[in-house]
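The structure under discussion appears below in the form of structure tokens.
The values are calculated or read from the model by the stated rules, or taken from the named source; none is laboratory data. Just so it is clear, the structure is predicted and the values come from calculations on it, not from any experiment. All Cβ positions, even for glycine, are placed from backbone atoms using ideal geometry, and neighbour counts span all protein chains on display.
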Amino acid sequence: MQGQILIIGSVVVVTILIVIIILHFVRKMRLKSYQDKVEDLEVMRNLVASAPIPIELSKVEPIIKNDKMEEKYNQWQERLIEIKENKLTFIDDMLIDLDSYVEKRDYKSCRYHLAKTELEIYKAKEAADHLLDEIKDITLSEEKYRSIVIKLKTKYRSLNREFQDHKPLYDEMQEAIELQLENIEKRFLDFEKVMEKNEYNEVVHIVKALDAMIDHMSIIVKEVPDLLLMSKQIIPNRMKEVESTYQEMTKENYPLAYLNIEYNLEESRKNIGGILDKIRVLNLEGCMFDLKTMLEYYDSLFIDFEKERLSRKAYEEIEKDFSKKIEKTNQLVKDVYNQLDDIKKMYDLNDQDIEIIHEVNKILVVINDDYKKMLGKVKRKSSPYSMLHQEIEALTLRLKEMEDDFDKALHSLGNMYDDEVRAREQLDEIQDFLKQCKNKMRSYKLPVITDNYFVQLSEANEAIVEVIKELSKKPIVIKTLNTRVDTARDLVLKLYHTTNEMIKTAQLAEMAIVYGNRYRSAYDDVDLGLHDAEVQFMKGNYKKALDISIKASSVVDPEIYKKLLSVYDQ
């Protein structure tokens, strides 16, 4: 038990020692951190204090040749004193206070004054950097501005050479451009005079003016020849071509009023005059854009002219075909419309068939009206051929659609007529078929004709009578007529099939009895069976007679039925 207590006590002591050591290191590191921050601020303060402002000021003294420069120099001296004696001194006091706070371990106050000191150092640095930049702007002015002016002179000589080499291209603008070039040369002389007097404030304005003037003249030298060429030759020539083409096409009856060419030509002449006035005073703003826009407009007019020529050719070709087609269609619709009452009396037309014909007629009336209006536009020259071409194509399409609808209506009427003709032809065929059935039945002397034959014959005759009745009606109901014809045909075919089957069965039965007679004397069963077959045959039961006779003879000859069929088919 005592051993455990000793162990626990040892652990507690060791833990306390470790905690004390850790706290000591933490406090030491914290102190070191604040000391480092204060040292960093001292370095920043020393960098401000070591700025080469006095050296740059010493360079200014030899170039002071006027009151303005002397005044600036004195102001810079005062600002340097302000930075050193006031701002830096105040920062030094703040750094001393920071050292005191760090030694006292007053970290809360230390953090506040660290931020405040850093702000003051930043302000001092900004003031020192700004002062140094102002002084350097003067001390380096001669070198800097002379370098700029040398480049500007090189650019000016190239510009002047370009002008002199192509002087004839500038036409009436030569004198104005030469005057501007002389002004630039005068500005170069002003620069030298100001540099001799060290009036650096004026140098800045002169250099900026030179740069702006040379840039402006670069644009003038580059664009004026093109502007003069376009405004005096290219566009006026293009305008003459447009005017000539316009007059020629107008004489050929092309409706070109929609292009407003005469007005636009007059406006273009005014605009060209205004552009030339701007060029004469070397104001080129917007001139190139306006001239290019004008040139593009006149180029587009030639496309419009060609479009009108092609449209007129296409229009005249389509209109010629359309005129013939609509005249033919008008006559056809008129003929059908005039016969509509007779057609209605002849056939039982439904409301839809009649309505289609009425609608077709209405559409045709509208198409005719639109066609007349279009011809009126042609006569009055109120619409361009490009628009007329579209109109005649639209009319052609509408006429085609109307013709399709009309063809459907005519097809319906034609089908009714065809159905009537077909019904009459089929009636003749059915009656001929019925006659064949009767003749065939008469040609075979059957002892008895079955009742179903006469029933079917009666039904077929009645169906034929119904067909005849339908054909004699006015108007004819085609649907009913077709039904009657189909019924009559089916009944006659049924009768034809019954007639053939009855005759075939009777013939086979008769042949079987005759064939079996050769075995009657030898076989009693054959004799007895054939007797029963003869009795059934005389009663008209031909199928039964055939079955009995085949069964009786098959005792002697099992292949009798095949033999009978082969003989019958021959």
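A single member of 255, 236, 225 is touching a His at 6+ places or on another chain (Cβ under 8 Å) and modelled with pLDDT of 85 or more, and it is 225.
Checking segment 307-321 against the condition returns no match, with no residue being farther than 30 Å from residue 374 by Cβ and in contact (Cβ under 8 Å) with a residue 60 or more places away in the chain. Which residue pairs have Cβ atoms under 9 Å apart, sit 6 or more places apart or on different chains, and have a first residue in segment 179-191 that is surrounded by 14 or more Cβ atoms within 10 Å (Cβ to Cβ) and a second that is among the basic types (Lys, Arg)? Listed pairs, sorted by first residue: 188/153; 191/146. Of the candidates 542, 523, the single residue that is among the aromatic types (Phe, Trp, Tyr), more than 60 Å from the chain's Cα centre (by Cα) and surrounded by fewer than 18 Cβ atoms within 10 Å (Cβ to Cβ) is 523.
Residues checked against (1) in a helix (DSSP H, G or I); (2) modelled with pLDDT of 90 or more; (3) closer than 27 Å to residue 306 by Cα:
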{"residue": "375", "(1), (2), (3)": "yes, no, yes"}
{"residue": "378", "(1), (2), (3)": "yes, no, yes"}
{"residue": "382", "(1), (2), (3)": "no, no, yes"}
{"residue": "386", "(1), (2), (3)": "yes, no, yes"}
{"residue": "419", "(1), (2), (3)": "yes, no, no"}
